[in-house]
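To start, the structure under review is shown below, and the notes come after it.
We did not get these values from a lab; they are worked out from the coordinates using the rules stated. On a predicted model such as this, the values are computed, not experimentally measured, just so you know. Every residue, glycine among them, receives a Cβ derived from its backbone with ideal geometry; neighbour counts consider all protein chains shown.
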Amino acid sequence: MRRTLVLFVRAPLLGTGKRRLARDIGDVAALRFERSMIALLLRRLAKDGRWRLRIVVTPDKTHRRARHWRRGVEAVGQGSGDLGIRMRRAIETCRPGPVVLVGADIPALDARHAAAAFHLLGSRDLVFGPAEDGGFWLVGARHPRRLPPLFERVRWSGPDALADTLASLPRRIRVGYVDSLEDVDDGDAYRRLQPRRGF
């Protein structure tokens, strides 16, 4: 079965995304960060033959523009609903086979992290990449069309997002974990990672 790696993003538009980060570093710097991260992750992840990369973007109307970010990479809209509904849809609508979904605000993310997640899906139903702030930067499903209850009653953008997600899972679900990485949600994280990543 074909593996699919989903890059789950908000189209970089001035004044619309990464609001906590923009409050700390300004709208233009936040926009520059978003654009740089998408370009960086496309370079790191798109050419790998172990999976098919798919961009799932919001707002939906920007998916036509997102098709031009990288030749040969499919781009579709996220659709409506809260973050959990949109992530679930992004996973469920992929072709049959294991699916790994990642965000675009993790500077350390590279192909080995995605490969580790797909490897774990050989023996686990779900896999998560814990974020250092209590959320998660990666979620993967072995059988994306047969997902258990997922992302229900989750307190997003806070220290309980991963714990809330795990609490809603049936006990029979086998869960694995890849490396814990830091996502960039605010100015403190941006400043910690900026010297190493050159944003």
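Between 0 and 90 degrees, the angle of helix 111-120 with respect to the longest Cα principal axis of the chain falls at about 20 degrees. Taking amide H as placed 1.01 Å from N in the peptide plane, Q78 has its amide H under 5 Å from the amide H of V57, T58, D60, each at least 5 places away in sequence or on another chain.
Selection among G103, T16, P144 by position relative to the dipole of the chain gives P144 as farthest towards the positive end (Cβ unit charges, Cα centre). For the chain, set up a Gaussian network in which alpha carbons nearer than 10 Å are linked by springs, and say which option among R67, R50, R23 fluctuates the most. Among R67, R50, R23, the largest mean-square fluctuation in the Gaussian network model of the chain belongs to R23. Only the Cβ atoms of Lys and Arg (+1) and of Asp and Glu (-1) were treated as charged; on that basis the dipole of the stretch 5-91 about its Cα centre amounts to roughly 260 debye. Reducing the stretch 24-42 and the stretch 115-140 to their Cα centroids gives an inter-centroid distance of 24 Å. Label zone (R2, point 7 Å along Cα-to-C-beta; backbone nitrogen cut-off 20 Å) within the stretch 47-78: 47-57, 64, 66-78. Shown in residue order for the stretch 158-165 are the 3J(HN,Hα) couplings computed by the Karplus curve 6.51 cos²θ - 1.76 cosθ + 1.60 at θ = phi - 60°: x, x, 10, 4, 5, 4, 4, 5 Hz (x for Gly and Pro).
The string of couplings for the stretch 64-72 from the Karplus curve (6.51, -1.76, 1.60, θ = phi - 60°) is 5, 5, 5, 4, 8, 5, 8, 4, x Hz, one whole number per residue in order, with x for Gly and Pro. The overall shape of the stretch 96-199 is oblate: from the C-alpha gyration tensor, with semi-axes ordered a ≥ b ≥ c, the ratio a/c is 1.5 or greater and a/b is no larger than b/c.
A simple spin-label model places the labels of L83 and W156 0.6 nm from each other, with each point 7 Å out along Cα-to-Cβ. About its Cα centre, the dipole of the chain is roughly 1060 debye, where the only charges are +1 on Lys and Arg Cβ and -1 on Asp and Glu Cβ. In order along the stretch 178-186, the phi-based Karplus estimate (6.51 cos²θ - 1.76 cosθ + 1.60, θ = phi - 60°) of 3J(HN,Hα) comes to 9, 4, 7, 10, 9, 9, 9, 10, 8 Hz; Gly and Pro are listed as x. When the helices of the chain are scored as -39500 (n - 2.57) per DSSP H run of n ≥ 4 and the total is divided over every residue, the value at 222 nm lands at -10000 deg cm²/dmol. Largest GNM mean-square fluctuation across E34, E74, E132, computed for the chain with C-alpha springs under 10 Å, falls on E132.
Given +1 at the Cβ of Lys and Arg, -1 at the Cβ of Asp and Glu and no other charges, the dipole of the stretch 42-154 around its Cα centre is 680 debye to the nearest 20.
Counting only alpha carbon atoms, the long axis of helix 83-92 and the longest principal axis of the chain meet at about 60°. Length gained on full extension, T93 to R71, computed as 0.36 nm times the residue gap minus the Cα-Cα distance: 5.8 nm. Close amide H pairs (under 5 Å, H built 1.01 Å from N) link G129 with W137, L138, V139, V178, residues at least 5 positions away or on another chain.
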